Amino acid sequence: MAQTTQRRTEAPDRLRHPAEVPFFVFMVILNVLIIAAIIRAAQVLPFLPERLQTSQWAAVIRSALIGLLLLVPGLIVVREMQRASVRGTAVQLSPQQYPWLYEVADNFASRLKLRRRPQIFLANGNGTLNAFAAQATGYDYVVLSNELFANLYDNNRAGLRFILGHEMGHIRLHHVSLWYQIAVAYSQMIPLLGPALSRLREYSCDRHGAYLSPRGATGLVLLASGRYTETEVDVSELVRQGRMLRGFWVGLAQLPRSHPFTVRRLERLFGIGLFKQNAHGAPGT
């Protein structure tokens, strides 16, 4: 029993996708080089002829380059305004407001050893199946769209737990932290590289969601099949479909995407044993 408890305690520390940190370090180095290049270009304007170095055009270009460096304070403004908007338009969960899910979030925060309990909001997703984690000064929070909530709350709470755990994984891994976003603010805007880092983050957070809700596969099935049909999908067949998802065109189609293909995400979680199987040996929900 002691060994089982120890494994469960240590498990969250090994959930990050092994390629995420090395790729993040590469992106940070690239980010620093981009900032250095912007500063250097603003100083010497190497692409302008010498006769134009003191012209009005030089001043305009120099101001534009310096303006690129305002992305950092801009991030702070966006983060604070986003939380203010969420607080004004969404329902915040509490011990009186959807107490079951509030208690689940409290339990997850403890199991993931988060330094502060995230606030959970239920928002009108206007038809979209969406959830996201974010941070503002002094606060971490998760927003769930009511479309996800309505489909999963009553009939498939394990799927909802997976989605909540996935989003809390973003908080635990500091993906929403200001320092993290600053560290890759410029490099993540590079086509193909930015989406590649994003996909690795999603894989890492999928592992957190599955660790916290091992029977929550339907949380991903919902994203693949859409509303109303997720409980009718044969998960075993979908996993097999994920195993067959290989080849040049599949890889090419995924390159610009910020999220991995949903059936691949599902197949990988079953493959590493984080999603559990039901009593009949087939993947369960």
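The values are calculated or read from the model by the stated rules, or taken from the named source; none is laboratory data. These figures come from a predicted structure and were not determined experimentally. When we count neighbours, we look across all protein chains shown, and the Cβ atoms used for this are built from the backbone with ideal geometry, even at glycine. Keep in mind that these areas ignore ligands, DNA and RNA; they rest on the heavy atoms of the full protein, side chains included. Shrake-Rupley method; radii C 1.70, N 1.55, O 1.52, S 1.80 Å.
Details
- Theoretical gain in end-to-end length, residue 259 to residue 40 [0.36 nm per residue, Cα-Cα removed]: 75.4 nm
- Most positive-pole-ward Cα, 99, 71, 123, against dipole of segment 66-129 from beta carbon charges: 71
- Extending 7 Å from Cα along the Cβ direction at residue 246 and again at residue 103 yields two label points whose distance is 4.6 nm.
- Here's how it looks for residue 119: its modeled amide H is under 5 Å from those of 140, 141, 142, which are all 5 or more places away or on a different chain.
- Label-point separation, residue 32 to residue 276 (7 Å along Cα→Cβ), nm: 4.5 nm
- Here the relative contact order of segment 113-262, from alpha carbon pairs under 8 Å that lie six or more residues apart, stands at 23 percent.
- Sorting 148, 193, 70 by solvent-accessible area of protein heavy atoms yields 70, 193, 148, largest first, with a 1.4 Å probe.
- Here r is the Cβ-Cβ distance between residue 146 and residue 69 and R0 is 35 Å; the resulting FRET efficiency, rounded to 0.05, is 0.35.
- Area accessible to solvent at residue 24, 1.4 Å probe radius, in Å²: 40 Å²
- When the surface is traced with a 1.4 Å probe over the full set of protein chains, residue 179 keeps roughly 140 Å² accessible.
- In this calculation the C-beta distance from residue 76 to residue 19 is compared with R0 = 35 Å, giving a FRET efficiency of 0.75.
- Under 14 Å, Cβ to Cβ, from residue 257 - net charge with Lys/Arg +1 and Asp/Glu -1: +3
- Radius 13 Å from Cβ of residue 239, net charge of other residues (Lys, Arg +1; Asp, Glu -1): +3
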